[in-house]
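All remarks here apply to the structure that follows.
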Amino acid sequence: MTKPTLSLQLFSLRELGSLDAQLSAAARAGFQSVEPLGHHLREADDLGEALARHALTAPTAHIGFEFLRDEPGQVTGACQACGITQLFVPQSSSFLPPETTGGWQRLGAELGRLAEQYRPHGISIGYHNMTAGFALLSTARYGFEVMFEAARGSPLVWQADIAWMSRAGVDPAEWLQRYAKVLVSAHVKDRAPEGANADEDGWADVGAGTLMWPSLWRLALAKGARTLVVEHDSPRKPFEFAQTSFAYLSRFMAHSG
């Protein structure tokens, strides 16, 4: 088993200002890899130069559905210029399907088609969940499972956001086990105790919340996740969050792979 990569989602550092300031903070916190966003890919030359300047890599990135679908040439060029090999489409209101079986089927088919389209270029396409898809539909099935069933036979993969699954009220461990065949990456973030950290939307620094990360980390790795991406959606102190979370997870990395 290859050693996993510990990365940092740049969304967590957005309040620090420029891309250069964000990458500087990520490196100073101890990270060697980051996960950029779609708008960074539109300025691929700047991203590539800044990554090199701070001795960082970007094996994965998040990208909007429309950008991925409508501008394959620019997307492919950006990935090749920056060394990105996996793109994950996060759940968003702009492409969230109706909470119907048909809506999730159409989404799965379209994402599967895009995964096929990008595969010859050495780019893997995946879905990044939030809470949608983990409530039972009228057919007594989950939208998430309907989506991946519709994409069956395609190279579509999954980046599991474990904390969002927890917020959805399902057991993340169960879904990691069920969908190990498509799991390639996971987001590592933490939930604050009920009613705490309201100014951070109820999130916490990794290791300071309620999720059992020692066991979840081991399970995610065992089921196929090789890039573990640290994230906090609304950190009060972005740099301190990154530094503290890196220190906590470094103990796990020392015994992984």
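The values are calculated or read from the model by the stated rules, or taken from the named source; none is laboratory data. Not measured: the values here are computed from a predicted model. Because the Cβ atoms are built from the backbone with ideal geometry, glycine has one as well, and the counts that use them run over all protein chains shown. Only protein heavy atoms, including side chains, enter the accessible area calculation; ligands, DNA and RNA are left aside. Shrake-Rupley method; radii C 1.70, N 1.55, O 1.52, S 1.80 Å.
Roughly what percent of Cα-Cα pairs across the stretch 207-257 reach past 19 Å?
Here the long-distance tail beyond 19 Å is 27 percent of all Cα pairs in the stretch 207-257.
If contacts are Cα pairs under 8 angstrom and at least 6 residues apart, what is the relative contact order of the stretch 1-100 in percent?
It rounds to 25 percent for the stretch 1-100.
Solvent-accessible area per residue for the chain at a 1.4 Å probe radius, Å²? Present the calculation step by step, with values, prior to reporting the outcome.
Details: 10810 Å² over 257 residues.
It amounts to 42 Å² per residue over the chain.
For the residue pair M212 and R236, what label-to-label distance in nm results when each label sits 7 Å from Cα along the Cα-to-beta-carbon direction?
Those two pseudo-labels are separated by 2.8 nm.
Distance from the Cα centre of the stretch 218-257 to that of the stretch 1-54, in angstrom?
Each part reduced to its Cα centre gives a spacing of 15 Å.
Would you please give the FRET efficiency between F11 and A55, computed as 1/(1 + (r/R0)^6) with r the Cβ-Cβ distance and R0 = 25 Å, to the nearest 0.05?
Rounded to the nearest 0.05, the efficiency is 0.75.
Over what distance in Å are the Cα centres of the stretch 89-133 and the stretch 149-205 separated?
Between the Cα centre of the stretch 89-133 and that of the stretch 149-205, the gap is 16 Å.
On a full-extension model of 0.36 nm per residue, what is the gain between R141 and E71, subtracting their alpha-carbon distance, rounded to one decimal in nm?
Numbers: separation 70, 0.36 × 70 = 25.20 nm, distance 3.33 nm.
Stretched fully, the R141-E71 segment lengthens by 21.9 nm.
When you count, for each residue, the other Cβ atoms within 10 Å and take the mean per peptide, how do 241-250, 176-185, 67-76 rank with the highest first?
241-250, 176-185, 67-76
Grab the beta carbon distance between R28 and K181, set R0 = 30 Å, and tell me the FRET efficiency rounded to 0.05.
With R0 = 30 Å, the Cβ-Cβ based efficiency is 0.20.
How many percent of the alpha carbon pairs in the chain exceed a separation of 25 Å? Each step should come with its number before you reach the end.
Working: 13669 of 32896 pairs.
In whole percent, the share of Cα-Cα pairs in the chain beyond 25 Å is 42.
Under 20 Å Cα to Cα from K189, which aspartates and glutamates show up? Leave out anything in the same chain fewer than 8 places away.
E15, E35, D161, D171, E174, D199, E200, D201, D205, E231, D233, E240
Ignoring any ligand, DNA or RNA, what whole percent of the accessible area of the chain comes from carbon and sulfur when the probe is 1.4 angstrom?
Ligands and nucleic acids excluded, carbon and sulfur give 52 percent.
Give, as a single signed number, the net charge of other residues whose beta carbon lies under 14 Å from the beta carbon of D205, with Lys and Arg counted +1 and Asp and Glu -1.
Net charge around D205: -3.
For the chain, calculate the relative contact order in percent as a whole number, restricting contacts to Cα pairs under 8 Å that are 6 or more residues apart. Walk me through the intermediate numbers first.
Values: 479 pairs, mean separation 52.9, N = 257.
In percent, rounded to a whole number, it is 21.
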